[in-house]
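In what follows, a structure is listed as structure tokens, so that the remarks can point back to it.
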Amino acid sequence: MLYNICMVSDFFYPNMGGVESHLYHLSQRLIQRGHKVIIATHAYGNRTGVRYLTNGLKVYYVPTLVIHYEATLPTLYGFFPLLRNILIREDIDIIHGHGAFSALCQEAILHGKTMGYKVCFTDHSLFGFADASSILTNKLLKFTLSDIDHVICVSHTSKENTVLRAALSPRNVSVIPNAVVASQFKPDPSAADPNWITIVVISRLVYRKGMDLLVAIIPRICNMYRNVRFIIGGDGPKRIDLEQMREKHLLHDRIEFLGSIKHHDVRNVLVQGNIFLNTSLTEAFCIAIVEAACAGLFVVSTKVGGVPEVLPTHMINYAMPEEDDLVIAISKAIHMIRYEEVDPSRFNDELKDLYSWSNVAERTEKVYDLISQTQEAPLIERLRRYYGCGLYAGKIFCMVMALDYLFWIFLEIMLPRHAIERAETFPYKKYRDYFNNNRSPFSQLSQQHELEEQEDDDKK
Amino acid sequence: MDVPVAHQFQSPDYQYNLNNPPWRKLLWVKQNYPDNYVDSTFLDELQKNVNVHTYDYWKMVYESGVITQHISSVVIFIAIFIYLQQYSLAASHLIWSGSLLTGVGYIFCDFVMTRRQHAFERKRVAKSAIFFFSTLLGLSPILKTLTSQTSDDTIWALTVCCFLANVLFHDYVSHSRAHVKIPGSLSTNAAIFASVLLASRLDTNLDVFGLLSFAVEWFALFPILRRYLQELSPKVQVTLTLLMLLISVAMFLRISKAIVCLYMLGFCFITFICPYWLIFIQKYKNEIHGPWDEARPRLQKSKRNLYRKRST
């Protein structure tokens, strides 16, 4: 069955990151499978209105006020009329929200259920339970996820975490991992310098990514091995600590800082290395290590969150988030690289099949099939679900939801459905066929990309 | 929060099919289970309430002595101020008894508790004490006229706020520490400021000097002595608490009986009812730990204090 899907999230192009690329690639694959996909996100600077991305992916850049790290100001009902208009215009069947931090997504879920659409949500991050921000966010998540058709998590640890946070039934949560476009991360054994063993670190330089551990182990590793050097990409508040460490131990010839790296340059930085080091203190699904393994690096990572579930054991060395354990793991990895006990350039072929976007799209489509068969709950049942959120919170959330419902009735009367013009669906197949037949150099690149992906699909 | 128990939601059909290899918690293996399959090992690594320790009622009653001692000290100070204001207490008496008691307390700390004092340190202490008190004597005429333009009500309101801050932010650490430092600066500053406000309501320079020197000794130095006495033995702690209670009650009896009643009720509440209340609500504690928690990076001992978590 083919659906009209609306993906909603605050985080999308031109912002670069995990959620953004997940949205983009998943949407592209779903379009290839024949569905209609549109994306609603907030406006980025001057980029407002409707834009079309590759293969006719339509994006609505909604003008809203942005606060703190690309999240919208939550106004509860402010987004409702515009969202309703978008959903009716595009004849949407299913709303799919991404990202627990995204206020736009949470509001879309709430309004979508009020209007009677089928809604599902993908959670990309792990949360604790103890600190103040987690307690508040978890309560809000419990509110929005009280009434949802299905939830998708990117790893089994993330599923356990989400089930506890939002008090969901585990049968309503599916685990569909992230994927990587393996052809964008092809290995290049000749790019690494044969005189050195190069350890690459690419991450945001923040406390959460274990930068303190990195600061502690780099001098020790450099001391123990004379021919090991580090390449550190990325930027953040902890860069100062790393530079101080370099100054203190006089490692200017052993450590190189590349600063912020654009997404399309990541592969070129990765292939210069032999080992990829990840010292995060918490990760739901670390896509960085999959990208590194695809690019032909051996991975050393801390054993936290969902990381143990991601890579096969011959591609990765684990360590506890402790300085001594990390040094041991890195030493083992250096030993394995030096004596050629492992051939990382073969990882790409293996990972190509294990993590592919078409597999993710297929599994997501199964989730859509599942939810499109569910019955729509009557209003009283929905109120009952929100009421169970807590002693005081339940009553407040019921009031919020009831007001939402009344607002919807008001909109149905004042801006009736028949007055909203339906938009033309973008002719995806015709567009692709036109490009495939056309011999322009620009299309040859995308054509090659498409052919490679289709080859991978055909192999399965 | 209702934690769903794994076996309630376990997917029924799959584990009975013996041809199926067992489900593994891995993402890179193509398994013959649906994406929303719930295994019997679901939430196995969840740990609830591991860091919670149970409290003993009488131990908590004993520990509450620290708080009641401090509140009694504030009450005694206010009583002394009222006596000064009503001319029941002469300033010179206050100054001499204050200095005498401070001297006794200092000698006690010196000889009994720490045996490391050298002769030159005592000289330094004596020099700084003399310097401090002579400065205070010189400043008291200025402090006497500090709030002459302010109304009485403002002074009482500000004083109440400051003493409240003092009681709330005081460092109530009760277990022994080898080196005891001056109690937290916010609480001491609040107390000194309150005593300056009160002192400015007095009539003569000597009164002002007396109250302020007593305030410094009472709020900055006496807590240190109390901590040393605490470490001595539990009996000393209990005796001190009761003694301070009795003194504050005796001093306030002449001023107002209603305050005495209120104070006794408050004392009973803090000492006996609050510990019971705390133990009662411990049963609602729901602490959850698991593999999703942000790990605490363990560095080598020498570096541990340098890298503390910052809010990034």
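Where a number appears in this text, it was derived from the coordinates with a stated rule and is not lab data. These numbers come from a predicted model, not from an experiment. Methodologically, a virtual Cβ is constructed for each residue, glycine included, from the backbone with ideal geometry; neighbour enumeration extends over all protein chains shown.
Taking 0.36 nm per residue of separation and subtracting the current Cα-Cα distance, fully stretching the chain between A:Arg208 and A:Glu376 would add 56.4 nm.
If r is the Cβ-Cβ distance from A:Tyr339 to B:Asn20 and R0 is 56 Å, what FRET efficiency results, to the nearest 0.05? So the FRET efficiency works out to roughly 0.90.
Only residues of segment B:249-281 count here: report those whose backbone N is under 18 Å from the spot 7 Å along Cα→Cβ of B:Val61, or say none. The answer is B:264-281. Convex hull volume of the C-alpha atoms in segment B:209-289, normalised per residue: 171 Å³.
Per residue of B:42-48, other chain Cβ atoms within 10 Å of the residue Cβ number 2 on average.
The trypsin sites (Lys or Arg not before Pro) of segment B:219-297 meeting both criteria, a DSSP state outside H, G, I, E and B (loop) and at most 11 other C-beta atoms within 10 angstrom of the site's C-beta, are B:Lys285. Counting only residues at least eight positions apart within a chain, or on another chain, the aspartates and glutamates with an alpha carbon under 17 Å from that of A:Lys238 are A:Asp212, A:Glu247, A:Glu256.
Each peptide in A:59-68, B:191-200 was scored by the mean count of other Cβ atoms within 10 Å over its residues; highest first, the order is B:191-200, A:59-68.
How much of the calculated P(r) for segment A:376-441 lies past 18 Å, in percent of all Cα pairs? Value for segment A:376-441: 64 percent of Cα pairs lie more than 18 Å apart.
Taking a ≥ b ≥ c as the square roots of the eigenvalues of the Cα gyration tensor, an a/c ratio of 1.5 or more together with a/b no larger than b/c marks segment A:174-267 as oblate.
For the segment B:31-40, counting C-beta atoms of other chains within 10 Å of every residue's C-beta and taking the mean gives 5. Restricting the calculation to Cα atoms, segment A:97-246 shows an Rg/Rh of 1.11 when the hydrodynamic-style radius is the Kirkwood one.
Checking every one of the trypsin sites (Lys or Arg not before Pro) in segment B:47-119 against DSSP loop status and a limit of 16 other Cβ atoms within 10 Å picks out B:Arg115, B:Arg116. Phi-derived couplings, Karplus 6.51 cos²θ - 1.76 cosθ + 1.60 at θ = phi - 60°, listed residue by residue for segment B:79-89: 4, 5, 4, 5, 4, 4, 5, 8, 6, 6, 10 Hz, with x used for Gly and Pro. Average projection, convex hull of the Cα set of segment A:288-415: 13.9 square nanometres.
Compute the orientation-averaged projected area for segment A:256-302 from the convex hull of its Cα atoms and round it to one decimal in nm². The partial results should precede the final answer.
Details: hull surface 14.4 nm².
Across all orientations, segment A:256-302 yields a mean hull projection of 3.6 nm².
Go ahead and collect, in residue order, the members of segment A:37-59 whose backbone nitrogen is under 11 Å from a label point 7 Å along the Cα-Cβ direction of A:Leu73. It comes to no residues whatsoever. Peptide A:168-179 has a mean of 4 when you count, residue by residue, the C-beta atoms of other protein chains within 10 Å of its C-beta. The phi torsions of segment A:345-358, fed into the Karplus equation with coefficients 6.51, -1.76 and 1.60 and a -60° offset, translate into couplings of 5, 8, 5, 4, 4, 5, 6, 3, 7, 6, 10, 10, 5, 5 Hz, rounded to whole numbers, with Gly and Pro shown as x. Applying a DSSP loop filter and a limit of 11 other Cβ atoms within 10 Å to the trypsin sites (Lys or Arg not before Pro) in segment A:394-438 leaves A:Arg422. Among B:Trp96, B:Trp23, B:Trp58, the ranking by other beta carbons within 10 Å of each residue's beta carbon, starting with the fewest, stands as B:Trp58, B:Trp96, B:Trp23. Computed from label points 7 Å out along Cα-Cβ, the spacing between B:Ser128 and A:Ala130 is 3.7 nm.
Expressed as a fraction of 2.2 N^0.38 Å, the C-alpha radius of gyration for segment B:245-288 is 1.74. Of the residues A:Asp212, A:Asp93, the one with the fewest other Cβ atoms within 10 Å heads the list, and the complete ranking is A:Asp93, A:Asp212. Judged by the mean number of other Cβ atoms found within 10 Å, the most tightly packed of the peptides A:321-331, A:99-109 leads the ranking A:99-109, A:321-331. Principal-axis analysis of the Cα atoms of chain A puts helix A:323-338 at an angle of about 70° to the longest axis.
Seen through its C-alpha gyration tensor, with square-root eigenvalues sorted a ≥ b ≥ c, segment A:1-131 comes out rounded because a/c lies under 1.5. Need one number: the % of Cα-Cα pairs in the protein assembly as shown sitting beyond the 33 Å mark. Summing the P(r) tail past 33 Å for the protein assembly as shown gives 65 percent.
What is the magnitude of the charge dipole of the protein assembly as shown about its Cα centre, with +1 placed on the Cβ of each Lys and Arg, -1 on the Cβ of each Asp and Glu, and no other charges, expressed in debye to the nearest 20?
2160 debye
Here each label is just a point 7 Å from Cα along the line to Cβ, and for B:Leu101 and B:Asn32 those points are 8.5 nm apart. Classification of segment A:206-354 by its C-alpha gyration tensor yields a rounded form. The axis ratio a/c (a ≥ b ≥ c) stays under 1.5. Could you compute the FRET efficiency for B:Arg296 and B:Ser151, with r as their C-beta to C-beta distance and R0 at 60 Å, rounded to 0.05? Step by step, r from the Cβ atoms, then E = 0.65. In order along segment A:3-19, the phi-based Karplus estimate (6.51 cos²θ - 1.76 cosθ + 1.60, θ = phi - 60°) of 3J(HN,Hα) comes to 10, 9, 10, 10, 8, 10, 6, 6, 9, 8, 3, x, 6, 10, x, x, 4 Hz; Gly and Pro are listed as x. At q = 0.14 Å⁻¹, what is the log10 ratio I(q)/I(0) for chain A, with the Debye formula run over Cα points and no solvent? The Cα Debye sum returns log10 ratios of -1.36.
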